[in-house]
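Enquirer: The structure follows.
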Amino acid sequence: MVLPKANLRSSQGKSKTVFVCQQCGRESPKWLGHCPDCQAWNSFVETAVSLPPASSGWLYSTGNKAQELSHVAKATFPRLHLGFAELNRVLGGGLVPGSLVLVGGEPGIGKSTLLLQVSAMAARNSRVVVYISGEESINQVKLRAERLNISGEGIYFLSESSLAAVLGCLEERQTDLVIIDSIQAMYLDGVVGAPGSIAQVRESTLRLEHWAKQSGVPVLVTGHVTKEGAIAGPGTLEHIVDVVLYFEGEPFSSYRVLRSVKNRFGSTNEVGIFEMCDSGLVEVDNPSQVFLSAYKDEAIGSIVVPTLEGSRPLLVEIQALTTTSNFGPPRRIANGVDFNRLLLIAAVLTKRAGLKLFNQDIIVNVTGGLKLNEPAVDLGIALAIASSFHDNKSISGLVVLGEIGLNGELRGVPRVERRVAEAVRLGFKSCLVPKLKSKLLLDHGEIQLIEASSVAEALRLGLGKGKGNVIANAARQS
Ligand code: TYD
Ligand code: MG
């Protein structure tokens, strides 16, 4: 269908207003009290949009021609290596020129600290860094720099929240890296809404993206997450920027996890692990050891699982506690594992392994504040619950791997070799794995592989032969 030119011409150069939901970015020509997409109430704000000039429309030639892909020369990106190896890995091998990277996280998690340390490391490699803060004054940042032992040479600081002024300043100076702290503090004249509103944040990000692409200078931007855990409304910014990293951590833990959730230049789901110390963030080289620092072998209700964070194996402890519930329906509490997955595992344990969990409260906790989302940890959760229920330890030096099906069968998990290698490295002696038709190609010398085809069999083999192990005892008697 071709629109008549006259219609397009009539809208040329005019500006109009639409109503934009401040939670999810949905646009509507009329004001709505309730957003049909995200169900937020009273979230629509009138916002001016200017229509593009007719010459940039799809009906007009811009002289830009399509090229055959085979004739396009391969582009090479000389990546900028940042001082932290963990950060380089999460970015897919360093910072690509002209990329816009968003670092999201809750207030106080350490975003400004991370970026100031990154600035200092880049400045030490003779790069010119411009650090713009819309939230803090030069004295506040100087105090932080002193705490971090950063002299500030090669770092140019600007306290400014007008994005037009920021872009003006960037035009004047030759820079290698730009830091904007934070995107919610920036505002643009002519855009309706206070700083931090969805229209301001979206428009500011678009301008920065445009500037980064034009100048070839990488820009790192921080963003605060909302109550729901998204940056300025779900999905609005994440489409615009090239890379989205989340900086996460438990309020009472000094460990921080930097997670990549979108990366146009590398794989997602990579994680970097840091510790917040008195003089800033320090990389954690051996995270498995950190997450297992309080682990006691043969403890009741405690199982170690080799999980994968991106391509990286990590050993994590899962703890479970079951107690008889005296009032009302039994409760299930899942910290660090998916609640629905816990319900599924409890149901399978009841129906397929004979554990009477119907009157038991079940609490499952992942130590170290990590979140485990992959099904490969199912069997670890099941064993931890059974261990607590029977008051029985697991066998010594055990790690557990396997997905559980509704019939109580065990399914294979990806990249077993990597996971087992990490368990071997940390001195574990046996690994409970699903029995598969194709044999695992593992070097069995260093670790004993215990194969089980069902949950009931895994419980029999994985838990010790103490008095409490009713399943093992029943099997021995029969
Ligand atoms: P900050 O980087 O200001 O967080 P964000 O920018 O994400 O809001 O970090 C603030 C917290 O970090 C604050 O609670 C103090 C702590 N901190 C340290 O523990 N050690 C340090 O060296 C620094 C600079 C901060
Ligand atoms: Mg900050």
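Enquirer: Could you compute how fast segment 85-285 diffuses translationally, taking Rh as the Kirkwood radius over C-alpha pairs and applying Stokes-Einstein at 37 °C with viscosity 0.692 mPa s? Give it in µm² per second.
Expert: My calculation gives 195 µm²/s for D.
Enquirer: Using a 1.4 angstrom probe, figure out how much accessible area the chain has per residue, in square angstrom, rounded to the nearest whole.
Expert: Per residue, the chain has an accessible area of 50 Å².
Enquirer: Oh, and also: For the chain, what's the relative contact order in percent, using C-alpha pairs closer than 8 Å and at least 6 residues apart?
Expert: Normalised by residue count, the contact order of the chain is 11 percent.
Enquirer: Within the set of other residues whose C-beta is less than 15 Å from the C-beta of A75, count the net charge using Lys and Arg as +1 and Asp and Glu as -1.
Expert: Neighbourhood net charge equals +3.
Enquirer: Let me ask something else. Express in % the proportion of alpha carbon pairs of the chain at distances exceeding 45 Å.
Expert: Of all Cα-Cα pairs in the chain, 28 percent lie more than 45 Å apart.
Enquirer: Moving on. With +1 on each Lys and Arg Cβ and -1 on each Asp and Glu Cβ, how big is the dipole of the chain about its Cα centre, in debye rounded to the nearest 20?
Expert: It comes to approximately 1300 debye.
Enquirer: Can I ask one more? Just the number, please: carbon plus sulfur as a percent of the accessible area of the chain, 1.4 Å probe, no ligands or DNA/RNA counted.
Expert: That fraction is 52 percent.
Enquirer: 5 Å is the cut-off here: which amide hydrogens, built 1.01 Å from N in the peptide plane, fall below it relative to G134, excluding neighbours closer than 5 in sequence?
Expert: E160, D181, S182
Enquirer: Using packing as a proxy for protection, rank 346-353, 38-45, 175-182 so that the peptide with the highest average count of other Cβ atoms within 10 Å comes first.
Expert: Listed from highest to lowest mean packing, they are 175-182, 346-353, 38-45.
Enquirer: Something else: Let me test this: with uniform point scatterers at the alpha carbons of segment 97-212, what is the Debye-based log₁₀ I(q)/I(0) at q = 0.12, 0.14, 0.23, 0.24 1/Å?
Expert: Summing over Cα pairs of segment 97-212 leads to -0.41, -0.56, -1.48, -1.57.
Enquirer: Which pairs in the list K351/K371; K74/K213; K296/K429; K351/K429 are over 21 Å apart, alpha-carbon to alpha-carbon?
Expert: Over 21 Å Cα-Cα: K351/K371; K351/K429.
Enquirer: Could I ask something else about it? If contacts are Cα pairs under 8 angstrom and at least 6 residues apart, what is the relative contact order of segment 290-477 in percent?
Expert: 23 percent
The values are calculated or read from the model by the stated rules, or taken from the named source; none is laboratory data. Here the structure is a predicted model, which means the values were calculated and not measured. Quick reminder, even Gly has a Cβ in these numbers, built from the backbone with ideal geometry, and neighbours come from all protein chains shown. Keep in mind that these areas ignore ligands, DNA and RNA; they rest on the heavy atoms of the full protein, side chains included. Shrake-Rupley method; radii C 1.70, N 1.55, O 1.52, S 1.80 Å.
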